Amino acid sequence: MESHVMSVSFSSLTITFMLIFMLFGTSITDRIMMALVHMNSMWAILSVSIVAIAIQYWQMQYRLMPPGPVRWPLVGSLLSVGFQYRHRTYARLANKYGPVMHFRLGSANVIVVCSPEVAMEVLKTKDAEWSSRPPTLSGKYIGVDFHSLDFAPNGPHWRHLRKICATHIFSPARLRAQAHIRREEVLRMVDHIFAASQRSLGLGLGLGLGEAIDLRSVSYSLMDNIISRVLFGNKYTQSDHPIAKVMHSFREDVQEAMVLAGAFAISEGELFPALSWLDLQGYHRRIKRVSQRLERVYRMIIEDHRRDLEQGEYEEEEEDFVHVLLSLQGEDRLSDKSLMGLMMDVLPFGKDVVAAVLEFAMAELIQNQSVLRKLQGEIDRVVGNGRLVDESDICKIPYLECVVKEALRLHPPAPLTDPHYNEEAVDLAGYKIPPKCIMFINIWALANDPKWWDEPSEFRPERFEAAIGGNNDFRYLPFSAGRRKCPAGNLAYATMEHAIAVLVHAFDWSLPEGELSINMEDEEFGASSAKKYPLLAIAKPRLHFVPFKLPPT
Ligand code: HEM
């Protein structure tokens with residue numbers, strides 16, 4: 001114990017000198033050294049000791065917390081973590097500090113978990129203690145004053161929204177009722193790719209290659225169309241509708257909101273509350289302005305749907321989420337703020353997250369042609385080549401599920417869970433965690449650790465032919481687990497599986513001439529972690545299908 005205290009004092013003294021050196025440069029350090037050497041400045045010794053004791057005290061308050069990199073006064077562990085690729089940085093630091101780590105990010109205590117056992121403790125055994133959300137600026141502005149499901153703290157409001165989502169929004173019956181929307185939009189996507197490939201082949205450049213298809217824009221428009229139709233129907237695509245006129249800028253605002261919410265899961269104002277009034281990066285100002293613009297359009301959509309309901313102006317099969325939510329009665333009834341919050345949950349998060357996985361999955365299939373061929377063979381066996389694969393065929397193609405699961409393992413669009421939060425003190429893995437800590441489970445690290453996965457960096461869907469990811473398997477959590485688990489897993493799987501099946505059934509895919517490989521490592525962050533560079537690929541039709549005749553949107 002004594003030697004521990006001595007070593008803490010020694011390291012505090014060293015840290016103090018380093019701090020003084022960093023803050024004031026060599027001249028003051030020299031002067032202090034001179035003063036110490038000549039023993040004629042007791043003040044220097046006294047002040048250095050006071051700072052050393054203060055730092056020692058600062059470090060001692062964390063003695064029962066999990067280990068982590070040095071927490072410097074003011075900046076805490078920020079220098080070791082940074083803002084980019086945090087899931088990878090945390091995974092690397094776990095090799096040094098262990099699977100449960102504590103970081104001081106400004107004034108916030110952040111705990112990061114990289115072990116399946118402790119993830120289970122957080123998301124299962126102590127799920128109730130950890131199922132709140134921190135009071136962040138994104139929750140206030142993007143989360144419509146904490147009314148959205150994603151940002152709502154644990155409590156009656158959040159429980160109410162979860163129930164509404166389970167019974168009315170993401171229920172199996174609702175999923176079936178919207179199958180025609182997904183089918184039509186997937187066909188529209190194939191139609192678009194088919195036309196593009198014919199057009200470029202028709203140009204007769206003599207290369208036998210079609211023009212490169214931008215699979216990023218294909219995936220994002222597919223998801224944009226599906227999620228918009230599911231959420232508020234398709235009448236806002238008609239250019240004479242007043243809401244159609246603001247849709248373009250609305251989409252840009254949604255995108256900006258996601259960047260603001262995602263880029264700093266905890267913004268600088270939250271890291272250093274004392275400095276928040278300065279708003280050095282303009283974050284507060286931007287997030288406030290964008291949320292006001294979004295709210296204005298959400299209100300227009302709600303009013304328009306209210307009019308539809310009053311005038312009975314929609315067909316039952318065109319009933320969208322906003323109609324459903326506005327029709328709720330009795331204790332299920334929602335305020336306009338909650339409705340706006342739910343729109344915010346579904347629109348940007350829903351479309352970006354699924355589109356990001358689609359793009360990564362196609363990139364892996366193009367890079368791993370043997371897997372692509374195997375999947376095409378499985379689909380041909382069930383469907384043949386006279387028609388396109390349909391959502392109802394998917395349960396007969398188990399290898400497709402393995403492909404999607406493997407893409408989610410290598411490229412989880414949410415590599416860290418959303419921030420969990422404990423209102424009360426809680427014990428975790430033998431450590432004492434004080435109240436109001438932010439908790440992230442490192443989903444990416446759990447799914448990519450060689451301790452639990454054979455050659456984790458390989459894209460090998462066959463590993464999912466064995467049972468992985470059951471209720472007690474906390475190595476694989478792309479949708480997280482427990483009370484805060486993603487409520488839209490069924491919708492996400494149905495959409496991803498159908499889209500991938502159709503893309504590989506209808507086309508052969510290869511890289512554009514001269515490109516040898518795809519950069520999978522570089523990612524960018526918004527609502528989700530996505531491929532940094534858009535995926536360009538050549539599509540060659542492989543079926544004898546009749547081009548589709550779809551109604552114009
Ligand atoms: C591949 C697709 C998706 C993946 C991998 C995914 C993953 C996740 C993850 C990891 C969380 C955080 C859970 C936690 O904090 O512990 C989450 C939460 C959430 N997701 Fe998803 N998600 C996907 C698609 C969707 C879609 C399509 C929607 C909506 C249409 C959606 C809506 C939500 C909502 C509302 C929450 C917050 C739940 C709550 O706080 O109670 N997600 N998702």
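Once the stretch 54-73 is narrowed to residues that are at pLDDT below 80 and surrounded by 14 or more Cβ atoms within 10 Å (Cβ to Cβ), the residue that is farthest from Ser107 (Cα to Cα) is Gln56. The set of residues from the stretch 109-152 being touching a helix residue (DSSP H, G or I) at 6+ places or on another chain (Cβ under 6 Å) and part of a strand (DSSP E or B) comprises Val112, Val113.
A quick yes/no check of all residues on (1) surrounded by 22 or more Cβ atoms within 10 Å (Cβ to Cβ); (2) more than 28 Å from His102 (Cβ to Cβ):
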site	(1), (2)
Thr136	yes, no
Lys140	no, no
Leu149	yes, yes
Asn154	no, no
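In the stretch 84-124, of all residues being of a type in the set (Phe, Trp, Tyr) and free of Cβ contacts under 8 Å to residues at least 40 places away in the same chain, the one that is surrounded by the fewest Cβ atoms within 10 Å (Cβ to Cβ) corresponds to Tyr97. When Met520, Met496 are checked against the criterion of being farther than 19 Å from Val112 by Cβ and surrounded by 19 or more Cβ atoms within 10 Å (Cβ to Cβ), Met496 stands alone in meeting it. Just one of the listed residues (Ala447, Ala414) is crowded, with 21+ Cβ neighbours inside 10 Å and modelled with pLDDT under 95, namely Ala414. In the stretch 125-135, is there at least one residue being without any contact (Cβ under 8 Å) to a residue 24 or more places away in the chain and in contact with a Phe, Trp or Tyr (Cβ under 9 Å, 6 or more places away or on another chain)? So far as the stretch 125-135 goes, yes, one or more of its residues are without any contact (Cβ under 8 Å) to a residue 24 or more places away in the chain and in contact with a Phe, Trp or Tyr (Cβ under 9 Å, 6 or more places away or on another chain). Those residues that are touching a residue at least 12 places away in the same chain (Cβ under 8 Å), in a loop (DSSP other than H, G, I, E, B) and either of a type in the set (D, E, K, R) or surrounded by fewer than 23 Cβ atoms within 10 Å (Cβ to Cβ) (or both), I need them from the stretch 417-438; list them, please. Scanning the stretch 417-438 gives Asp418, Pro419, Glu423, Glu424, Ala429, Pro434, Pro435, Lys436, Cys437. Within the bounds of the stretch 76-95, is there any residue that is at pLDDT 75 or above, among the polar types (S, T, N, Q), in a strand (DSSP E or B) and within 33 Å of the chain's Cα centre (by Cα)? No, the stretch 76-95 contains no residue that is at pLDDT 75 or above, among the polar types (S, T, N, Q), in a strand (DSSP E or B) and within 33 Å of the chain's Cα centre (by Cα).
Within this structure, His411 passes the test of being more than 18 Å from Lys124 (Cβ to Cβ) and either within 19 Å of the chain's Cα centre (by Cα) or within 16 Å of the ligand (Cβ to nearest atom) (or both).
Candidates Ala537, Ala492, Ala506, Ala499: the one that is under 30 Å from Met439 (Cα atoms) and either at pLDDT below 85 or not acidic (Asp, Glu) (or both) is Ala492. Of all the criteria given as (1) within 11 Å of the ligand (Cβ to nearest atom); (2) on the phi > 0 side of the Ramachandran plot, the one not satisfied by Phe151 is (2). Inspect the stretch 439-451 for any residue being part of a loop (DSSP other than H, G, I, E, B), under 21 Å from the mean Cα position of the chain (by Cα) and more than 16 Å from the ligand (Cβ to nearest atom) and give the result as yes or no. Yes, because at least one residue in the stretch 439-451 is part of a loop (DSSP other than H, G, I, E, B), under 21 Å from the mean Cα position of the chain (by Cα) and more than 16 Å from the ligand (Cβ to nearest atom).
Within the stretch 490-513, the set of residues being among the small types (Gly, Ala, Ser) and more than 7 Å from the ligand (Cβ to nearest atom) comprises Ala494, Ala499, Ala501, Ala506, Ser510.
Of all residues in the stretch 376-398, those satisfying the criterion of being part of a helix (DSSP H, G or I) and either in contact with a Pro (Cβ under 6 Å, 6 or more places away or on another chain) or closer than 22 Å to Ala179 by Cβ (or both) are Glu378, Ile379, Val382, Val383, Glu391, Ser392, Asp393, Ile394, Cys395, Lys396, Pro398.
Of the candidates Val403, Val353, the single residue that is in contact with a Pro (Cβ under 6 Å, 6 or more places away or on another chain), under 25 Å from Ile169 (Cα atoms) and within 16 Å of the ligand (Cβ to nearest atom) is Val353.
Listed by first and then second residue, the pairs linking a residue in the stretch 178-190 that is within 19 Å of Ser217 (Cα to Cα) to a residue that is of a type in the set (Val, Ile, Thr) and not in a helix (DSSP H, G or I), with Cβ atoms under 8 Å apart and 6 or more places separating them unless they lie on different chains, are Arg188/Thr553. Total residues in the stretch 162-180 satisfying the condition of being farther than 15 Å from Ser327 by Cα, within 13 Å of the ligand (Cβ to nearest atom) and aliphatic (A, V, I, L, M): the figure is 2. For the stretch 163-281, the helices (runs of 4 or more DSSP H) that sit wholly inside it and include 2 or more residues that are at pLDDT 75 or above and out of contact with any Cys (no Cβ under 6 Å at 6 or more places or on another chain) are 172-177, 179-202, 215-232, 242-263. Restricting the first member to the stretch 341-355 and to residues that are closer than 13 Å to Ala261 by Cβ, and the second to residues that are near the ligand (Cβ under 6 Å from one of its atoms), the beta-carbon pairs closer than 6 Å and six or more apart or on different chains are Asp345/Leu149; Asp345/Asp150; Val353/Pro413. Take the conditions surrounded by fewer than 18 Cβ atoms within 10 Å (Cβ to Cβ) and modelled with pLDDT of 90 or more and apply them to Glu331. Does it pass? Answer is no for this residue.
The values are calculated or read from the model by the stated rules, or taken from the named source; none is laboratory data. These numbers were taken from a predicted model, which means no experiment stands behind them. Backbone-built Cβ (ideal geometry, glycine too); neighbour counts: all protein chains shown.
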